[in-house]
Amino acid sequence: MDAFERAASESAALALIRAGNLGGAESRLRAMLSENPNDARALALMAHCNLSRDEDKIALKLAREAAGIDPDDEMVRHILTGALLANRQYKEAESVAETLTADDPHDSGALFRLAIARAGQKDNIGARYLFDEAEEMVGDDVFDLINLARLRLSEWNYASAAALAQRALALDPNQSEVFRILGECELALKRPLDAYELALEALRISPSDRQIMRLMVRARARRSAFLRPFLAGVDWIVEMDRRGLVIVPLLIAVVGAIWAVSVIYDLARIEAGQSPAILFSVGLGVVFIYGGVSYATAIRARSQIHRDLKRVALPDF
């Protein structure tokens, strides 16, 4: 593989990663590594794919291997820093990030990673300064904008999070995380209908993302004040696989049966002039009602979400 073919393969792999096609990107990268097992950038991008799948230990191993081959490459150092942070090795991540900021003090991505490394070491004041500096310097890198928007969202700074997400959206309208962040901001601002539509667009791009599904269910539940106390249970059920969706109603039915027996027993004791075990019956009743309402809400929401997803799905060409 000559230099031109290698550069084209790397560009294709990067485009596939940005589009969320990790399998396609890895196929390209494996072909590059079969030609040259010491291709540091290909190893680093393979590490990035593993990070996206939460395979943090594998990612760190690949990133270290890439850094051992070419420790000066900027992309390699960026990905190594991300892998170190994912594995909570904050001190080493700080050291690598500092080399990036020394080379380019305006590298917002490096500043952001350095801030996370210092926050991980409880240097909250230094981290806050770096986060603010990174936001001031962030340019047209979609992923830096998304990372900073996530940070502002976690701080409940919805105006800043939405502004950063809108900038990322203008650069790349196919990032589901941008729509999720905007949806979270709308939900926080008590606009559940807008939040739902934004989350629906995010789910269209990433149909299997459970975090987006939870946002949609919360947005639907926010329309009814009655359902708000049940959100924790609904979130738990939304994340279940098919086996869980079968087991949970069986458990709820068992609790309901025990509750019925307890109520009958209490009534019999009252008729006999004895004190009933009211607290036990009340507790079972609360569990049964909470579980039943949460399950029904989650199933109804899942069904409605799938119907809405079909409504906005792009046609096949």
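Only the coordinates and a few stated rules stand behind these numbers; no lab work does. Computed from a prediction, not measured in an experiment: that's the story for all the values here. When we count neighbours, we look across all protein chains shown, and the Cβ atoms used for this are built from the backbone with ideal geometry, even at glycine.
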* Asked: How large is the dipole of segment 1-135 about the Cα centre if only Lys and Arg carry +1 and Asp and Glu carry -1, each at its Cβ, rounded to the nearest 20 debye?
  -> 580 debye
* Over all Cα pairs of the chain, how is the pair count split among 10 Å bins, expressed in % and running from 0 up to the last occupied bin? -> 6, 20, 25, 22, 14, 7, 4, 2, 0, 0
* Could you point to the residue in Ile146, Asn157, Tyr129 farthest towards the positive end of segment 73-189's charge dipole, with +1 and -1 charges on the Cβ of Lys/Arg and Asp/Glu respectively? => Asn157
* Asked: Where q = 0.11, 0.15, 0.27, 0.28 Å⁻¹, what log10 of I(q)/I(0) comes from the Debye formula for segment 155-223, counting one point per Cα?
  -> -0.22, -0.40, -1.19, -1.24
* Would you look at the GNM of the chain, springs on alpha carbons closer than 10 Å, and say which of Ala47, Ala277, Ala221 moves the most? => Ala277
* To do: Within 10 Å of each residue's Cβ, count the other Cβ atoms and sort Thr101, Thr81, Thr297 from fewest upward.
  => Thr101, Thr297, Thr81
* **Sites Asp123 and Ser34 - FRET efficiency at Förster radius 51 Å, r taken between beta-carbons, to 0.05** => 0.75
* Using Cα pairs closer than 8 Å and at least 6 residues apart in sequence, work out the relative contact order for segment 104-224, in percent. => 16 percent
* Could you tell me how many degrees, from 0 to 90 and to the nearest 10, lie between the Cα long axis of helix 74-86 and the main elongation axis, the longest principal axis, of the Cα atoms of the chain? => 30 degrees
* Structure fact -> For the pair Val263 and Met75, the simple spin-label estimate (label points 7 Å beyond Cα toward Cβ) gives in nm 6.5 nm
* Under Karplus coefficients 6.51, -1.76 and 1.60, residue-wise ³J(HN,Hα) of segment 142-147 in Hz, glycine/proline x -> 4, 6, 5, 4, 5, 4
* Counting other C-beta atoms within 10 Å, which of Glu35, Glu271 has the fewest, and how do the rest follow? -> Glu271, Glu35
* Asked: What dipole magnitude, in Debye to the nearest 20, does the chain give about its Cα centre under +1 on Lys/Arg Cβ and -1 on Asp/Glu Cβ?
  -> 2020 debye
* Asked: Which of Leu45, Leu187, Leu16 moves most in a GNM of the chain, Cα contacts under 10 Å?
  -> Leu16
* Structure fact -> If one builds a Gaussian network model of the chain from Cα atoms under 10 Å apart, the most fluctuating residue listed among Pro229, Pro276, Pro37 is Pro276
* Sparse-neighbour loop sites [trypsin sites (Lys or Arg not before Pro); segment 6-57; at most 14 other C-beta within 10 Å; DSSP] -> Arg53
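What number comes out for the charge environment of Arg6, summing +1 per Lys or Arg and -1 per Asp or Glu over other residues with Cβ under 12 Å away?
Result for the neighbourhood of Arg6: -3.
Roughly speaking, what % of Cα-Cα pairs in segment 80-231 are separated by over 28 Å, rounded to a whole number?
Value for segment 80-231: 28 percent of Cα pairs lie more than 28 Å apart.
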* Compute the relative contact order of the chain as a whole-number percentage, counting only Cα pairs closer than 8 Å that sit 6 or more residues apart in sequence. => 8 percent
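Got a sec? How would Trp156, Trp236 order by Cβ neighbour count within 10 Å, fewest to most?
By the 10 Å Cβ count, ascending: Trp156, Trp236.
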* Structure fact -> Helix 22-35: inclination vs the chain longest Cα principal axis, degrees, rounded to 10, gives 30 degrees
